[in-house]
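The structure appears below as structure tokens.
The values are calculated or read from the model by the stated rules, or taken from the named source; none is laboratory data. Bear in mind that the values here come from a model prediction, so they are computed numbers and not experimental data. Methodologically, a virtual Cβ is constructed for each residue, glycine included, from the backbone with ideal geometry; neighbour enumeration extends over all protein chains shown. Only protein heavy atoms, including side chains, enter the accessible area calculation; ligands, DNA and RNA are left aside. Shrake-Rupley method; radii C 1.70, N 1.55, O 1.52, S 1.80 Å.
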Amino acid sequence: MSSFFRRLYLGSISPPLVVKEHDALRIGLLGASNIAPEAVILPARSHPEVIIYCVAARDRNRANIYAKKHNIPVVHDTYDDVINDPSISCVYLALPNSHHFEWALRALKAGKHVLLEKPSTSNAIEAKKLFDHPLVTACDAPVLLEAFHYRFHPAWQTFLDLIHNDPSAGPIKNVYSQSFMPKGNFPDNDIRFKYSLAGGCLMDFAAYNISHVRQMLDDPHPRVQSVVFRTHEHSSTTSPVEGENPEQVDEAVSASYISQTGAIGHVVADMNSRGGWPLLPRSWTQNWPSIGWPKCTAELEEKLIDDHTTHGEKHLVQRVVTLYNHIFPHVYHCITIEDKHIIRLGSEDLRSWVERKNVKAYTWPGDSEDCHGMEWWTTYRYQLEEFVNRIKARHGNGLWISREDSISQMEVIDETYRKGDLKLRPTSTFDIDDGLKE
Ligand SMILES: NC(=O)C1=CN([C@@H]2O[C@H](COP(=O)(O)OP(=O)(O)OC[C@H]3O[C@@H](n4cnc5c(N)ncnc54)[C@H](OP(=O)(O)O)[C@@H]3O)[C@@H](O)[C@H]2O)C=CC1
Ligand SMILES: O=C1OC[C@@H](O)[C@H](O)[C@H]1O
């Protein structure tokens, strides 16, 4: 238990503050966002090569308070002042999704590396324009990373290895990913519930689940088979203002996908989760906030592991692997492996037994210069490590999210909206090449 509190404290509350190197990268923040403390401000404390240097918010006073609270030395008047600050080389962009496209391009044009919050853009049209732009594709272009932080944690990569690369892993059969946020966690006026700001569950919580399913299926582009949305109009308690369009904002989604090999993926996500309490009558609990483990499960086909047993029997294994808590794996996670062993002769199963194992991965096996971490490092801290390695042209542990991957992710989100009869999130009219709003 004490290691649980240690990880929680060092990862999420007070990471050790290290001495900064003379050539540390300076990062500027666009917006006094809720997520920046967790995503970059705390992780930067323990990174010797990162300094959170400046911030701007729409309201200068708010930016001042934020800067004081988080020890950020410089406050600028505008987002433009941040990206044009010659003292910084990187920008952390955690504005509403609708602003990602424009501000990523503006920052790249100013020559800054960009750590861009997920989802990268409002839709696939924007994603292609952004990731295919010469400001990104040129060989000396700054670094641009869509911040799918969970992918940088050893727990996620260990889970993927167990389903794709392990000697007992057969082909993928079914995969499943779920996330829940209890009702009331996000207020009605949150950016997530506004269509004009490219809100929606698929753009927020479920973006992770879609990303999981794409990786678990090992198919960047699984086809959407079915979708059910619950839109925000049914639970919004305030009258919508223009642009919010709650009837277009999915607050919960259940969707299924099929990969090129015929494997099935399922996503269930709810960012206003309620009801479903066990033991109590439904009529009492249907409006009570509820939660569920963030988890991913992969069920694999049988794998022949030994064809040479004495009397012609075959030894097969059928595996099911589940990762609990892909969201905060540093605090606690568990990967359960259930291997059903079968001894088969012809079409008859002679014997079978189940072996269960739990695995945890807070660090990489075998610490090396390229591949290191601490038990308490959060997903964001691991991500920051690789972002800096890329900027400094170091190999690091080799994990990255490619341009193509970020585009495919938005294509799958768009296809899910289409299939579920919701509109795509609005496309920005910003054009970096003439710098004018149409
Ligand atoms: N990686 C992760 O774990 C997480 C990622 N995210 C992503 O980060 C981004 C920001 O999320 P979060 O920090 O929760 O959001 P916030 O509600 O904190 O909004 C972020 C910033 O957006 C700015 N903003 C600019 N225009 C508007 C507008 N019209 N209405 C409201 N805000 C505006 C505000 O800047 P100002 O301060 O200038 O007023 C605000 O600080 C999203 O893309 C989200 O998907 C969010 C949570 C977790
Ligand atoms: O990226 C995210 O991760 C954590 C969630 O709380 C949040 O809604 C989402 O934006």
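If you average the C-alpha positions of the stretch 197-212 and of the stretch 309-368 separately, how far apart do those two centres end up, in angstrom?
Between the Cα centre of the stretch 197-212 and that of the stretch 309-368, the gap is 30 Å.
Would you mind counting up the charge near Phe205? Only other residues with Cβ under 9 Å from its Cβ, with Lys and Arg at +1 and Asp and Glu at -1.
With Lys, Arg at +1 and Asp, Glu at -1, the net is -1.
Under a straight-distance cross-link criterion of Cα-Cα below 15 Å, which aspartates and glutamates are reachable from Lys392, leaving out those fewer than 8 residues away in the same chain?
Straight-distance partners of Lys392: Glu21, Asp23, Glu49, Asp140, Glu369, Asp370.
Which lysines have a Cα lying under 23 Å from the Cα of Lys295, excluding residues fewer than 8 positions away in the same chain?
Of all the lysines, those that pass the test against Lys295 - Cα under 23 Å, at least 8 places apart if same chain - are Lys118, Lys173, Lys183, Lys340, Lys357, Lys360.
Rg and Dmax of the chain, using alpha carbons, in Å: what are they?
Radius of gyration, then largest Cα-Cα span, for the chain: 23.0, 80 Å.
Using the Cα centre of the stretch 265-410 as origin and beta-carbon charges of +1 (Lys, Arg) and -1 (Asp, Glu), tell me which of Val331, Phe387, Gly398 is placed farthest towards the positive end of the dipole.
Selected residue: Val331.
Send over a whole-number figure in Å² for the accessible area per residue of the stretch 151-362, probe 1.4 Å.
47 Å²
Whenever you get a sec, compute what percent of the accessible area on the stretch 9-54 sits on carbon and sulfur atoms (1.4 Å probe).
58 percent
Looking at the stretch 1-49, which GluC sites (Glu not before Pro) are DSSP coil and have at most 12 other C-beta atoms within 10 Å of their C-beta?
Those that pass, being in a loop and sparsely packed, are Glu21.
Tally Lys and Arg at +1 and Asp and Glu at -1 over the other residues with C-beta under 10 Å from the C-beta of Pro220: what net charge comes out?
Charge balance near Pro220 sits at -4.
Ignoring ligands, DNA and RNA, what percent of the 1.4 Å accessible area of the stretch 151-362 is carbon and sulfur?
Looking at the stretch 151-362 in its full context, I get 51 percent from C and S.
Place a +1 charge on the Cβ of each Lys and Arg in the stretch 151-362 and a -1 charge on the Cβ of each Asp and Glu, then give the dipole magnitude about the Cα centre in debye, rounded to the nearest 20.
Here the size comes out at about 400 debye.
Where the only charges are on Cβ atoms (+1 Lys, Arg; -1 Asp, Glu), what is the dipole of the chain about its Cα centre, to the nearest 20 debye?
1100 debye
Taking H placed 1.01 Å from N in the peptide plane, check which residues at least 5 places from Ala56 or on another chain put their amide H under 5 Å from its amide H.
Those qualifying (amide H under 5 Å, at least 5 residues apart or on another chain) are Leu29, Gly31, His76.
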